[in-house]
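The values are calculated or read from the model by the stated rules, or taken from the named source; none is laboratory data. For clarity, every value in this text was computed on a predicted model and none was experimentally measured. Cβ placement follows ideal geometry from the backbone for every residue including glycine, while neighbour counts extend to all protein chains displayed.
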Amino acid sequence: MNNTFINELGRIAIADQPLEIVERKGLGHPDTICDSVMNQISIDLSKEYIKKFDTVLHHNVDKSLLAAGVAVPGFKGGKIIEPMKFVFGDRATFKVGDEEIPVNEIAAKSASNWLKENLRFVEPEKHVTYQSEIKPGSLALADIFDRKGEYLGANDTSAAVGYAPFTPTENLILDLERYLNSKAFKKRFPESGEDIKLMGLRKQGHLNITVAMAMVDRFIEGENDYFKKQDEIYEAINEFVDAKYGFDKVSIDLNPLDVRGRGIDGLYLTVTGTCAEAGDSGQVGRGNNVVGVIPLNRPMSSEAAAGKNPVSHVGKIYNALCYRIANRVMDDVGGVKEVYVWLLSQIGKPINEPSVVSAQIVPENGVELSKVSVLIDEIISDEFDHLHEFCNDLAMGKITLC
């Protein structure tokens with residue numbers, strides 16, 4: 001591509017730096033719920049548009065608020081006093097000619113189905129109310145979809161960045177949360193809720209992980225039983241992380257806010273396994289990046305990819321594509337230790353014509369930039385040659401956004 005800019009990044013790779021901080025908000029965290037649900041709404045809308053009109057129509061449903069309800073946890077089971085409220089935004093196509101699309105019904109059904117499939121103890125019809133504020137889109141942005149051309153114009157001026165490879169810290173944080181929210185773990189420890197947040201702090205070869213895990217009250221008989229079961233979970237976590245990722249030492253702090261002797265007030269208990277029931281609200285864009293972590297040492301896009309349309313909104317397309325390109329560079333180009341890929345769009349320009357594509361590399365010792373630049377440029381060109389397929393996979397939910 002003519003506007004590709006490849007350069008050497010003048011620093012050492014993150015894994016070789018002495019300090020690293022990585023966070024992950026797990027499956028049942030209120031922010032993750034918002035991201036996941038709004039992205040599912042976009043997928044379901046895209047499928048409906050394709051079914052009726054053979055194309056994805058204008059929509060951007062990347063705004064939402066999951067407002068916490070009121071709950072009273074109790075040993076052996078508490079009560080939901082006031083349900084959570086899920087507010088959806090932002091814009092979508094409701095009508096084409098005489099054909100109407102039931103956008104609000106699709107949104108509510110998508111949310112309900114996601115909650116039912118992913119949160120064991122949330123009853124979507126009982127514990128959540130839904131308020132849709134999705135409205136028809138602006139004429140200027142909707143008109144992008146009526147313009148001729150092989151690719152639609154970008155509906156925003158937006159920058160995105162992706163990187164590869166994951167560091168051992170990032171891999172462990174991602175793997176651990178997925179393990180803790182796996183079916184096997186929940187079968188073994190049903191008292192473990194889905195609302196799990198991990199914060200990893202690596203100093204040299206020592207990694208400390210703070211684990212905040214909502215516990216489900218119906219499985220807890222009292223304070224002593226709570227700490228007994230927490231100790232069992234603590235041991236299971238240590239078994240999982242022991243010697244698998246190459247750290248000199250991994251230490252775990254599980255629910256450090258807990259205090260013995262204060263009864264139920266000193267424990268992280270929930271009725272449903274998520275603090276969205278009472279303790280914390282959620283919003284789109286405050287959670288993980290599109291590959292599943294919050295890497296504090298890395299550059300990150302300010303865009304919330306979840307819920308944006310997959311055919312013209314570069315805030316979604318470029319965010320996911322950056323990581324696709326970065327991973328291909330690491331897989332297919334020898335001599336690269338770390339790579340960062342940047343994409344910048346200009347509103348109105350076709351999405352296959354970014355203002356710039358930049359690949360910044362940390363080379364292996366003795367590797368010259370000129371030796372890898374041609375291969376990297378070929379990968380970038382190939383990805384943009386197949387951008388249609390990539391966007392279609394986003395639309396159909398074949399590419400997972402974490």
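Some observations on this one:
- Selection of the stretch 345-373 for residues being of a type in the set (D, E, K, R), surrounded by fewer than 15 Cβ atoms within 10 Å (Cβ to Cβ) and part of a loop (DSSP other than H, G, I, E, B) yields E364, E368.
- Of all residues in the stretch 70-124, those satisfying the criterion of being touching a Leu at 6+ places or on another chain (Cβ under 9 Å), assigned to a strand (DSSP E or B) and farther than 29 Å from F53 by Cβ are M84, K85.
- Filtered residues of the stretch 391-402 (kept if in a helix (DSSP H, G or I) and surrounded by fewer than 19 Cβ atoms within 10 Å (Cβ to Cβ)): N392, D393
- Candidates A306, A326, A320, A276 - the one that is under 19 Å from the mean Cα position of the chain (by Cα), assigned by TED's automatic domain parsing to the domain that holds K203 and touching a residue at least 40 places away in the same chain (Cβ under 8 Å): A276
- 1 or more residues of a type in the set (S, T, Y): qualifying helices (runs of 4 or more DSSP H) within the stretch 148-260: 168-180, 223-241
- Subset of the stretch 262-279 that is in a loop (DSSP other than H, G, I, E, B) and modelled with pLDDT of 95 or more - its residue that is farthest from F121 (Cα to Cα): L267
- A single member of L65, L115 is within 24 Å of the chain's Cα centre (by Cα), surrounded by fewer than 23 Cβ atoms within 10 Å (Cβ to Cβ) and among the aliphatic types (A, V, I, L, M), and it is L65.
- Among the residues of the stretch 13-49, none is identified as out of contact with any Ser or Thr (no Cβ under 9 Å at 6 or more places or on another chain), hydrophobic (A, V, I, L, M, F, W, C) and either surrounded by 22 or more Cβ atoms within 10 Å (Cβ to Cβ) or in the same structural domain as N365 (by TED's automatic domain parsing) (or both).
- The set of residues in the stretch 176-214 that are within 21 Å of K249 (Cβ to Cβ), surrounded by fewer than 17 Cβ atoms within 10 Å (Cβ to Cβ) and not polar (S, T, N, Q) comprises Y179, K203, G205, H206.
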